[in-house]
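Q: Have a look at this one before I ask anything.
The values are calculated or read from the model by the stated rules, or taken from the named source; none is laboratory data. Keep in mind it's a predicted model, so treat the numbers as computed, not measured. Positions of Cβ are generated from backbone atoms using ideal geometry, with glycine treated the same way; all protein chains shown enter the neighbour counts.
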């Protein structure tokens, strides 16, 4: 796969599945720290998010097959449902380390209202300090 094709696949995945910066941050945290399981509170604390915001992101990531919960629903694990998802997230993680701006732009360019929500996510994080 060429670099341009790889970029197009990642961009499409971000726009269709990830859609928000908080969801991206939660996904990348769980991916980076795998196989470590996280509680909701640990994810929220690590990223500086409100518990409700964190719960929304975890629920959404579980629904699209990127994470799983343990049997008592208290811990979250990065476990993509298939090799294709795993491959895309691996490429996304590498791309994000090297070029954050294009990835964040792919999220924020979709809808002007998302810029406001992005800023609000950081305001919520600061109110926890």
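Q: Quick one: is residue 80 under 14 Å from residue 13 (Cβ atoms) and either surrounded by 13 or more Cβ atoms within 10 Å (Cβ to Cβ) or in contact with a helix residue (DSSP H, G or I) (Cβ under 7 Å, 6 or more places away or on another chain) (or both)? Talk me through it step by step, then tell me what you get.
A: Details: under 14 Å from residue 13 (Cβ atoms): yes; either surrounded by 13 or more Cβ atoms within 10 Å (Cβ to Cβ) or in contact with a helix residue (DSSP H, G or I) (Cβ under 7 Å, 6 or more places away or on another chain) (or both): yes.
Yes; evaluated as a whole, the condition is true for this residue.
Q: Still on this structure, please answer the following. Between a residue in segment 90-113 that is part of a helix (DSSP H, G or I) and any residue that is surrounded by 12 or more Cβ atoms within 10 Å (Cβ to Cβ) and at pLDDT below 85, which pairs come within a Cβ distance under 7 Å, given they are 6 or more apart or on different chains?
A: Correct list of pairs: 91/6; 107/114; 108/114; 108/115; 108/118.
Q: Please state which one of 101, 43, 119, 94 is modelled with pLDDT of 90 or more and loosely packed, with under 13 Cβ neighbours inside 10 Å. Write out each step before concluding.
A: On the way: 101 fails: modelled with pLDDT of 90 or more; 43 fails: loosely packed, with under 13 Cβ neighbours inside 10 Å; 119 fails: modelled with pLDDT of 90 or more.
So the residue among 101, 43, 119, 94 that is modelled with pLDDT of 90 or more and loosely packed, with under 13 Cβ neighbours inside 10 Å is 94.
Q: Looking at this structure, is residue 60 within 26 Å of residue 7 (Cβ to Cβ) and in contact with a helix residue (DSSP H, G or I) (Cβ under 7 Å, 6 or more places away or on another chain)?
A: yes
Q: With segment 9-86 as the region, which helices (runs of 4 or more DSSP H) entirely inside it contain at least 3 residues that are touching a residue at least 60 places away in the same chain (Cβ under 8 Å)?
A: Those helices (runs of 4 or more DSSP H) span 21-32.
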